[in-house]
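Here is the structure we will look at.
The values are calculated or read from the model by the stated rules, or taken from the named source; none is laboratory data. Values in this document were obtained by computation on a predicted structure and should not be read as measured data. FYI the Cβ positions are ideal-geometry reconstructions off the backbone, even for glycines, and counts take in every protein chain you see.
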Amino acid sequence: MQSTPDYRFRIHPALTSFADECCATLARLIAYVGALALFAIVSLNFWDQLQLDTAAAEPADQPGFTLASRSRPAFAVSSLDLPEKSDGYEIFRHPAGGRKDIFHWGPPGEKPVAELEIYRPGGEFDPSGSPAADLATRLAQENPQGSPLGLEAAGVIDSKFGTLTLLRLPGRMDAARSCLGFIKRFDDPALRISGWSCQGNTLSARRAAIGCMLDRLTLLASGNEPKLAELFARAELKRGGCGTATAISADWVTDADHPRLRGPL
């Protein structure tokens with residue numbers, strides 16, 4: 001006798017097909033979510049690397065010179081005999097060790113007419129930098145004549161720190177009334193003395209003003225820098241008085257007001 005199949009414990013083919021579809025859909029969904037997660041991880045890693053490369057390419061935002069109101073003065077300049085003029089003395093320090101002592105003179109509440117800066121560099125010093133460009137910026141933030149920002153020679157003077165080449169901004173309509181600047185650098189000790197003056201109505205008067213400014217610069221404290229004290233001690237031996245120290249040779253090189261040509265034309 002043939003037995004009849006028992007379908008009570010068998011799954012209907014339609015249900016089996018539906019379960020397979022669900023499993024396939026779930027598998028595809030998991031694969032899709034995994035692909036999205038992998039794409040997100042790769043994108044985040046690429047963004048982080050891009051940020052690191054950008055930060056390495058750009059210089060770090062290091063703090064610059066800041067006013068050091070509690071630092072003790074290291075230099076002094078005796079009176080320049082400017083009537084109704086006030087002087088100021090500020091000290092700026094850099095976190096890398098640099099120090100700038102800056103004197104300026106001028107009428108109260110107005111722009112200075114003269115400035116003297118003594119810069120002792122530290123770790124922030126950049127040998128590739130241009131001190132002439134820095135001096136040109138200090139002489140004039142903007143060139144009203146529209147000429148390129150730069151400096152040209154304006155004569156030579158002698159001082160207790162040695163011979164100085166004077167500089168001025170080019171392109172001025174009245175060169176005889178141009179402000180004069182100067183830069184004097186020393187390697188040992190590392191020191192840079194620079195400044196400018198607009199005092200006087202002629203170039204000769206302004207040369208004399210710069211000579212007197214340097215002649216009256218003295219050292220108050222050298223700290224732990226014996227070579228700095230030695231430098232100023234040697235300079236004092238060459239000090240010959242304000243009038244003598246600024247004597248200008250009437251030479252065609254040094255007399256920029258009215259140079260005398262040598263030889264026939």
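Per-residue answers, yes or no, for (1) in a strand (DSSP E or B); (2) crowded, with 19+ Cβ neighbours inside 10 Å; (3) at pLDDT 90 or above; (4) touching a Cys at 6+ places or on another chain (Cβ under 6 Å):
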| residue | (1), (2), (3), (4) |
| --- | --- |
| ALA176 | no, no, no, no |
| GLY181 | yes, yes, yes, no |
| ALA229 | no, no, yes, no |
| GLU236 | no, no, yes, no |
| VAL253 | no, no, no, no |
| HIS258 | no, no, no, no |
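The set of residues from the stretch 201-222 being of a type outside the set (Ser, Thr, Tyr), in contact with a helix residue (DSSP H, G or I) (Cβ under 8 Å, 6 or more places away or on another chain) and part of a strand (DSSP E or B) comprises just one member, LEU219. Residue count for the stretch 185-200 satisfying the condition of being outside any loop (DSSP other than H, G, I, E, B) and within 15 Å of GLY122 (Cβ to Cβ): 2. Scanning the stretch 82-141 for residues that are within 23 Å of CYS212 (Cα to Cα), modelled with pLDDT under 80 and small (Gly, Ala, Ser) gives SER86, ALA140. Among the residues of the stretch 115-136, are any assigned to a loop (DSSP other than H, G, I, E, B), more than 14 Å from the chain's Cα centre (by Cα) and hydrophobic (A, V, I, L, M, F, W, C)? Within the stretch 115-136, not a single residue is assigned to a loop (DSSP other than H, G, I, E, B), more than 14 Å from the chain's Cα centre (by Cα) and hydrophobic (A, V, I, L, M, F, W, C).
Could you please let me know if THR246 is loosely packed, with under 14 Cβ neighbours inside 10 Å and either of a type in the set (Ser, Thr, Tyr) or at pLDDT below 90 (or both)? It is false that THR246 is loosely packed, with under 14 Cβ neighbours inside 10 Å and either of a type in the set (Ser, Thr, Tyr) or at pLDDT below 90 (or both). The sole residue among GLN2, GLN62 that is part of a loop (DSSP other than H, G, I, E, B), at pLDDT below 60 and in contact with a Pro (Cβ under 8 Å, 6 or more places away or on another chain) is GLN62. Cβ-Cβ distances below 6 Å connect the following pairs, each with a first residue in the stretch 168-181 that is of a type in the set (Ser, Thr, Tyr), a second residue that is modelled with pLDDT of 65 or more, and a separation of six or more residues or different chains: SER178/ARG168.
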